[in-house]
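The values are calculated or read from the model by the stated rules, or taken from the named source; none is laboratory data. The model shown is predicted, which means the values in this text are computed figures rather than measured ones. Note that each Cβ is placed from the backbone with ideal geometry, even for glycine, and that neighbours are counted across all protein chains shown. Calculation scope for accessible area: heavy atoms of the full protein, side chains included, ligands and nucleic acids excluded. Shrake-Rupley method; radii C 1.70, N 1.55, O 1.52, S 1.80 Å.
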Amino acid sequence: MNTAPPRPLDKPPTATSSAATDDRNSGLSSDEAARRLTRIGTNAMPDPAIHPWKMALTKFWSPVPWMLEAAALLELIMHSYVEAAIIIGLLVFNAALGLFQESRAQNTLAALRSRLAMNATVKRDGAWETVPAVELVPGDVVKLSLGSVVAADIRLTSGNVLIDQSMLTGESVPLEALTGMDAYAGALVRRGEAIGDVTATGIRTKFGRTAELVATAHVTGTEQKTVVQIVRNLSVFNGFVIVVLVGYARVLGMPLSAIVPLVLVAVLASIPVALPATFTLAAALGARALAKLNVLPTRLSAVDEAASVDVLCVDKTGTLTCNQLSVTQTVPLASFDQAHVLMLAALASSEGGQDPVDEAIRNAAAMQKTNDAPRLLSFLPFDPATKMSQASASDNAGQPMRIVKGAFAVVSAIAASSPAALSAASGLESRGFRVLAVAAGAPTSMVLIGLIALSDPPRADSAALITQLHALGVRVVMITGDAAATAAIVAKAVKLEGAIYPPGPVQAHIDPMQFVVFAGVLPEDKYQLVKAFQNGGHTVGMCGDGANDAPALRQAQMGIAVSSATDVAKAAAGMVLTRPGLAGIVAAVNEGRITFQRILTYTMNSVIKKIVSILFLIFGLVVTGQAILTPLLMVIIMITGDFLAMSLTTDHVRASPAPNHWQIGHLTGAGIALGSALLVFDAGMIAVGKYALHMGIDELRSLCFIVLVFGGQATLYAIRDRRRLWGARPSNWLIASSLADLLIAGTLAARGLAMTRLPVGVVFGTLVAAFAFSFVLGLLKMPVFRRFSIT
């Protein structure tokens, strides 16, 4: 039951005003409906899903694939077909892994379309019939009844219904829709029956405009930006090195046939071949861990972004609150107690219906014990015209009595009241509660016996969640379509303290530290608010449950739909909580930060090795006058080093206490500093091989190969932990991959496979030297990480 005055909603679209000329008694003719369907289109959302082939092709059109494709082309030009095949295989592996994960996330707008009602009752050719909702057109006459979903935007022409539009507007209380008012597509009819004219269908409905916002919502992922920036930096650096190499090679008089392989090695050395696949794999493993914690990621990028989230926008209704009215306070009057007020109010409430107000009062009354309940004789349900419901009963003495429940102004006008009752009602309303008055007594001499305040209470875990997020450095703000007074009450209950954003349009840039509540916002306002925070450089999370939250959920870097959310919200979000409550949000942030630390280690290790490998080519050319590595050896290093190091995605790491952000400049600076140490180690080992062991060029190439592999492993273990010399115990997969890398490289060198054979003593000595270097680099890393703020 809704006792508040009906609030008119938006005006219907004017494009369908021709409906007024139709005969409402007979509805549209079948021929006219068919013509309008042809001209206007179906009552459905367009399907913008990316074709699988197009999605697959995009995996070969980005910086890392470009570099691999260029390298494969050079190998083919040189007739190195084995090396070319290996590179193409790496390219396909990267594409297949990304395609497999992303192909499962193309369901957002399909769920939006499924939200529309499947069937509708419509009058065609003067007769009522049931047709698929997709065939509705503007001007159709439709019937709404209890339990049905509104299939299109409708202007009511007769009758009245109680409609639940919380999933569209964010308002927790259902609205009374009377003749002349609008009902929007996607709303649920809770009570009553009405007839109306269709004013808008499909993408032109208010709900359809929300779908359009979801389709246009887009933010470039951190993974994309990070990979592009790293490849850009490495490409610029590599371009400079290639110019130096070619120039010095010409000075030495090297023929073109020797320079081309040298350039190819330099290109291969600079490609972070497994970086995109590592981002994907780390996120997939994080998603699997979250699934065990009742969080289901639907977009892998959301796992990556969770680490960087520093602002979390939380919807009120259904997210922070239960989206279920309950009795918050009862104020007895006229010598009545709380139990009897609720007991009599329950007699004037419908039983077994879908009216949330009546259900809340009956539930509250059932928890009170009374033994003298009157005998119910008759019941009149809520009437929007009188704004009250009433019951006739007889008391224990057999005397007739009348019970009325409704808006305070209406009930106080027909029953004896008092200034104290008016003051109590005003006080409750000022706190944002929905206030009902209850009167009872002889039919001609009723008295006001009490007031009942109802609200949508916060979830039990909401306050604890916000406290934990604040401790993790995440700013939480509430955004809701509900009134500011109601939002302020909920904010206080869940320990959100701060200012309320003033009424008006959302600005392009808003500091989330200035406001804690944004009330009375529309779906597009939520979307614009998320963008405004992003424009300020923040990584934004959004938690919601309704269709009105879908655009913002899609736009946010980490969109989270609660377990009770609509399919629309779940499809638009990047994560879905599979259990009631909000504990999964904290789990998502922690798991995201663990994933970030794993990727950070891999990325830093990759940057260091790529820089050192390229510079090492210059050193080798200066010392030997020839290319120190062959293209085949570099391809083997890529496979053993880059791909086996992907086991870092399983490593045991600690989540950081604050949000993480990719700072490529700092990462590059730290990579150069630590890479310089690695370069000194590698150069020293080659110097020993040439000047102490008097190795020839072929043996030096073999030594160079194992030095790069062993030195890379030493670097990996040195930088695993950012704050201590040694971190937690490595994962079993990391240990196994490191042993495999060392065994493969050592066996190839000791057996002379794909290279000149080296003595076992040289291989073992290089391994021992690398082990010692790892300790030295572990001591050096701590001041370097502090200097470049890498945590």
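The table below gives the values:
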item	result
Overall Cα dimensions of segment 557-658 - principal axes, largest extent first, Å	69, 29, 20
Area of residue 59 that stays accessible when all protein chains are in place (1.4 Å probe, Å², to 10)	40
Cut-off 18 Å, label 7 Å out along Cα→Cβ of residue 351, residues of segment 392-430 by amide N	392-396, 401-405
Prolate/oblate/rounded label for segment 585-732 (Cα gyration tensor, a/c 1.5)	prolate
Qualifying lysines (Cα of each under 18 Å from Cα of residue 690; at least 8 residues distant if same chain)	none
Extension gain from residue 248 to residue 779, taking 0.36 nm per residue of separation minus the Cα-Cα distance	187.6 nm
From the coordinates shown, mean projected area of the Cα convex hull in nm² corresponds to which of (1) 34.6; (2) 38.1; (3) 40.9	(3)
Straight-distance crosslink candidates among aspartates and glutamates, where the alpha carbon sits under 12 Å from residue 206 and sequence neighbours closer than 8 are dropped	10, 153, 182, 524
Amide H contacts under 5 Å for residue 475, placed H, 5+ residues apart	311, 312
FRET efficiency, 1/(1 + (r/R0)^6) with R0 22 Å, evaluated for residue 729 and residue 471 via beta carbons	0.20
Calculated FRET value between residue 61 and residue 366, using beta carbons and R₀ = 45 Å, to 0.05	0.10
Burial order of peptide ranges 176-184, 270-278 (average beta-carbon count within 10 Å, highest first)	270-278, 176-184
Helix-only CD estimate at 222 nm, as mean residue ellipticity for the chain, using -39500 (n - 2.57) per DSSP H run (n ≥ 4)	-15500 deg cm²/dmol
Heavy-atom accessible area ranking, 1.4 Å probe, most first, across 787, 475	787, 475
Listed residue (192, 165, 702) projecting farthest to the positive dipole end of the chain, Cβ model	702
Accessible carbon and sulfur surface of segment 295-387 relative to its total accessible area, %, 1.4 Å	52
81, 527, reordered so the largest accessible area comes first (probe 1.4 Å)	81, 527
Gyration tensor (alpha-carbon) shape descriptor, segment 598-669, a/c threshold 1.5	oblate
Cα-projected label distance for residue 69 with residue 442, points at 7 Å along beta-carbon direction, nm	9.3
Cα-based helix-to-principal-axis angle, 222-252 vs the chain, degrees rounded to 10	20
Relative packing of 290-299, 476-485, which averages over residues the other C-beta atoms within 10 Å, highest first	476-485, 290-299
Heavy-atom surface of the chain, accessible at 1.4 Å and reported per residue (Å²)	40
Accessible surface of segment 675-771 [probe 1.4 Å, protein heavy atoms]: carbon and sulfur percent	70
Of all DSSP beta bridges in the chain, antiparallel share, percent nearest 5	75
Largest to smallest principal axis extent of the C-alpha atoms in segment 358-401, angstrom	33, 26, 11
Cα→Cβ-extended label distance, 7 Å offset, between residue 232 and residue 507, nm	2.9
Net dipole in debye of the chain [+1 Lys, Arg Cβ; -1 Asp, Glu Cβ; about Cα centre; nearest 20]	2000
Burial ranking of peptide ranges 670-678, 431-439 (average Cβ count within 10 Å, highest at the top)	431-439, 670-678
Inter-label distance, nm, simple model (7 Å from Cα along the C-beta direction), residue 495/residue 128	5.4
Three-way shape call for segment 674-756 based on the alpha-carbon gyration tensor, with the a/c threshold at 1.5	oblate
Cα long-axis angle, helix 81-102 against the chain (0 to 90 degrees, to the nearest 10)	10
Principal-axis tilt of helix 206-216 within the chain, Cα atoms, nearest 10 degrees	10
Candidate residues 93, 771, 279: accessible-area rank, largest first, probe 1.4 Å	771, 93, 279
